Amino acid sequence: MRLRLASAEDAPILAEVHARAFDASWAAPDIARLMDIMGGFAFLAEEDGVIGFLLARAIGGEAEILTLAVAPWARRRGVGAALVAAAAEAAAAREAGALFLEVAADNAAALALYERLGFERAGLRKGYYGRGDRPAEDALILRRTLNRPPA
């Protein structure tokens, strides 16, 4: 697996990976726009094609993971952990002291990953994730200080 910084030109393939990873996916123009906002950056993981990516922004001394998408067939192989590690390093280099993200409260696999990587619960957004005809799911806000490595 190789990691590299992504560019707006990568947005169409990133959108394809996002569509495979989530029921409600993001379109390529939206991904490109988020990469181009102040402080925006993205990493992608490649292994015979793009298998995952992470989109983040770092501004004002903080960083936020906007999305982390890994193709279903590539999960549980360290792709997500490698992408988060790259983002944490990039955020720290941009002088961010903490890295935040939101994750669905019912996403046990993601919660286990983030806990393993040193994230702690910092807040809750009730009914944040719409689920079509199912009840909306809460989002947990997680935080990791960047001046210390994960446990």
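With the alpha-carbon atoms of the chain aligned to their principal axes, the span from lowest to highest coordinate is 42, 35, 30 Å, starting with the largest. Qualifying GluC sites (Glu not before Pro) in region 64-136, where qualification requires a DSSP coil assignment and no more than 13 other C-beta atoms within 10 Å, comprise GLU95.
The antiparallel fraction among DSSP beta bridges confined to the chain stands at about 90%.
The numbers here are math on the coordinates, done by the rules we state, and not lab data. Note that the structure is a prediction, hence the values are computed from the model and not measured. Backbone-built Cβ (ideal geometry, glycine too); neighbour counts: all protein chains shown.
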